[in-house]
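Read through the structure below, which is laid out as structure tokens, and then see the notes.
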Amino acid sequence: MATSESASLSKTVKQQYMDLPQGDKVQAMYIWIDGTGEGLRCKTRTLDSEPKTIDDLPEWNFDGSSTYQSEGSNSDMYLIPAAMFRDPFRKDPNKLVLCEVLKYNRKPTETNLRLMCKMIMEMVENQVPWFGMEQEYTILGTDGHPFGWPSNGFPGPQGPYYCGVGADKAYGRDIVEAHYRACLYAGVKICGTNAEVMPAQWEFQVGPCEGINMGDHLWAARFILHRVCEDFGVVASFDPKPIPGNWNGAGCHTNFSTKEMREDGGLRGIEDSIEKLGRRHRYHIRAYDPKGGLDNARRLTGHHETSNIHEFSAGVANRGASIRIPRSVGQDKKGYFEDRRPSANCDPYAVTEALIRTCLLSEEGEEPKEYSKSTE
């Protein structure tokens, strides 16, 4: 099993230094999405006092030519603090700071999808949109081989691993437990976790989150997962189909509801939304992975609990459909629905924005509508 050299460094020796008092100073780790739309970057600065709100955090900058975000001749990029969490690695009073990225001209970078998502969310805040996202991932060695798999072969076929217990069924639970507790400490709205269908594949759920908070909390949870895996010397992959063949892919099923859907008779609103989604399938497929649908094409085959990428479908309790209405929602005639199409490496800002545009703003066609500030 290939693990990183860093993992072999003595954590006990490191802890001697982490236990030193830090005086009145605070370490703030600024986190941002790089030019790939998938990778995360971070760096730390010292603050003179503990920030209580986002407004207490200064803007910062970085070299965008080294993060696929600019050319070297004009590479200064701005980091704009957007959401703040407790730091589970350095502990209180230190902070994790999720940032938006602006170019030299103060315009958002191509992978800063938060700015537009926030504007769209503010347009419908009276409808109180809630989201819950189910983030699947695969634990890999540093050589790209799934954690715990035989070095020259495959484990037994899928069947015993989903929610499995035991050393021959659950691969890497220490990472899952560490990540769960770190998220709770940080204030991330993690609400559950389970082993998935493929060995070394796991899932955690974040939500319910209202509006822009969904993207903020999922990106924070992803960062924390990457850092936990770094400590253990392994890699967390969000590739939607990490192992070709008869193995499940990895998605990010997205649950969605509005105040109206959650109240008595809300099933009507759910059915209306599904009808709108059916007329805009291609737009959503493009929004649901960072490569405009190419990544998801490897996963959405109509097999392994997925729908076919070229067809839209919906059904009660149907895990082979694009949209699943949970059985309890069908019985209660209110609640939420689950969009099973987003890939594991999706940008949650893009996914939640697309759902709002289609379901609540009733947009149609292949392209998102442009709104001026005056229409907010």
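The values are calculated or read from the model by the stated rules, or taken from the named source; none is laboratory data. Source: prediction; values computed, not measured. Don't worry about glycine lacking a Cβ; one is built from the backbone with ideal geometry, like all the others, and counts go over all protein chains shown. Just the protein is used for accessible areas: all its heavy atoms, side chains included, with ligands, DNA and RNA removed. Shrake-Rupley method; radii C 1.70, N 1.55, O 1.52, S 1.80 Å.
Values as computed for the structure displayed
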| read-out | value |
| --- | --- |
| Separation of the Leu294 and Asp264 label points, Cα + 7 Å toward Cβ, nm | 5.2 nm |
| Prolate/oblate/rounded label for segment 171-271 (Cα gyration tensor, a/c 1.5) | oblate |
| Whole-number percent relative contact order across segment 1-157, with pairs defined as alpha carbons under 8 Å at least 6 apart | 21 percent |
| Cα gyration tensor category, rounded, prolate or oblate, for the chain with a/c compared to 1.5 | oblate |
| Farthest positive-ward along the chain dipole, Cα basis, beta-carbon charges - from Val13, Met84, Gly207 | Gly207 |
| Spin-label pair Glu370/Ile54, simplified geometry with 7 Å Cα→Cβ offset, distance in nm | 2.5 nm |
| Exceeding the 24 Å Cα-Cα cut-off - candidates Lys43/Lys107; Lys25/Lys52; Lys189/Lys241; Lys241/Lys276; Lys14/Lys52; Lys107/Lys369 | Lys189/Lys241; Lys241/Lys276; Lys14/Lys52 |
| Segment 131-206, relative contact order in percent, only Cα pairs under 8 angstrom and at least six apart counted | 44 percent |
| Listed residues Glu110, Glu370, Glu38 arranged by accessible area, highest first, probe 1.4 Å | Glu370, Glu110, Glu38 |
| Debye, to nearest 20: dipole size of segment 5-110, +1 on Lys, Arg Cβ, -1 on Asp, Glu Cβ | 240 debye |
| Mean Cβ neighbour count within 10 Å, used as a protection proxy, ranking 348-355, 127-134 highest first | 348-355, 127-134 |
| Accessible area (Å², 1.4 Å probe, nearest 10) - Leu115 | 80 Å² |
| Table column - 3J(HN,Hα) (Hz), segment 289-306, Karplus curve with 6.51, -1.76, 1.60, x for Gly and Pro | 8, x, 10, x, x, 5, 5, 5, 4, 6, 9, 7, 9, x, 10, 6, 6, 10 |
| Segment 1-83, relative contact order in percent, only Cα pairs under 8 angstrom and at least six apart counted | 22 percent |
| Residues with amide H under 5 Å from that of Asn318, placed H, sequence gap 5 or more | Ile325 |
| Solvent exposure ordering (accessible area, 1.4 Å, most first) of Tyr137, Tyr78 | Tyr78, Tyr137 |
| Top positive-direction residue, dipole computed over the chain with Cβ charges, set Asn246, Thr352, Ala186 | Asn246 |
| Net charge dipole size for segment 79-176 [Lys, Arg +1 and Asp, Glu -1 on Cβ; Debye, nearest 20] | 420 debye |
| Debye, to nearest 20: dipole size of the chain, +1 on Lys, Arg Cβ, -1 on Asp, Glu Cβ | 380 debye |
